[in-house]
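To keep things clear, I will list the structure first and then write my remarks on it.
Every read-out reported here was derived from the displayed coordinates using simple, explicitly stated rules and does not represent laboratory data. Please read these numbers as outputs of a predicted model, since none were measured by experiment. Neighbour counts are summed over all protein chains in view; Cβ atoms, including those assigned to glycine, are modelled from backbone coordinates with ideal geometry.
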Amino acid sequence: MGFCTDLQYQQFMASVNQFENLLVQSGIQIMKYYLDIDKQEQADRLEARKVDPLKQWKVSPIDKQAQNKWDAYSTLRNLMLKKTSTLEAPWIVVNANNKKQTHLNLLRDLLSRVSYPGKNKKILTVDPEIVMPCPPLGKKPPKLAA
């Protein structure tokens, strides 16, 4: 898509884990969520945006290419998740096909990971089919939308 050069991509991928580790060592908690939808859901949402006057502004030239480049994007996404999910800063993959369930489960997961007064852990359980922690480097990532 031309967002960066190959060299910029390589430099980023070579340094991102070290950078995130430095942040964690400085006391910063990193939570990385990847919202994953399948190809048909993306197509349906894009089509709905074209006819909804309140959502037409969301359509961009990138969206038009997304369906055509689905396989390439999926391959690069999987590689990115595999190479950048670390013990210090793991990815959490969220099945985002159902917007309501996505929002509820993501919020529950996020709230379960932070400390605050009056926290009720009983109400912060997530659906493991929706929220899937991505294992650290070298482990098999969760099954993502095809």
Legend entry - Order of 80, 31 under a 10 Å beta carbon neighbour criterion, fewest first: 31, 80
Legend entry - Fluctuation leader among 107, 54, 79 - the chain, Gaussian network, Cα springs under 10 angstrom: 54
Legend entry - the chain: C-alpha pair distances exceeding 27 Å, %: 34 percent
Inset, instruction - Write down the percent of antiparallel bridges among all DSSP beta bridges whose residues are both part of the stretch 6-133, to the nearest 5. - result: 40 percent
Legend entry - Residue-averaged [θ]222 nm for the chain, counting only DSSP H segments that reach four residues, each worth -39500 (n - 2.57): -15000 deg cm²/dmol
Legend entry - Unsatisfied cross-links (Cα-Cα over 26 Å) in the set 50/100; 55/121; 99/121: 55/121
Inset, instruction - Name the long-range amide H neighbours of residue 92: under 5 Å, sequence gap of 5 or more, or other chain; modelled H, no Pro or chain starts. - result: 32, 33, 34, 134
Inset, instruction - Among the aspartates and glutamates, select those whose C-alpha is under 17 Å from the C-alpha of residue 122, and discard any that sit fewer than 8 residues away in the same chain. - result: 109
Inset, instruction - Treat the count of other C-beta atoms within 10 Å as a stand-in for reagent exposure and order 70, 91 from fewest to most. - result: 70, 91
Inset, instruction - Order by neighbour count: 69, 121, fewest other Cβ atoms within 10 Å first, most last. - result: 121, 69
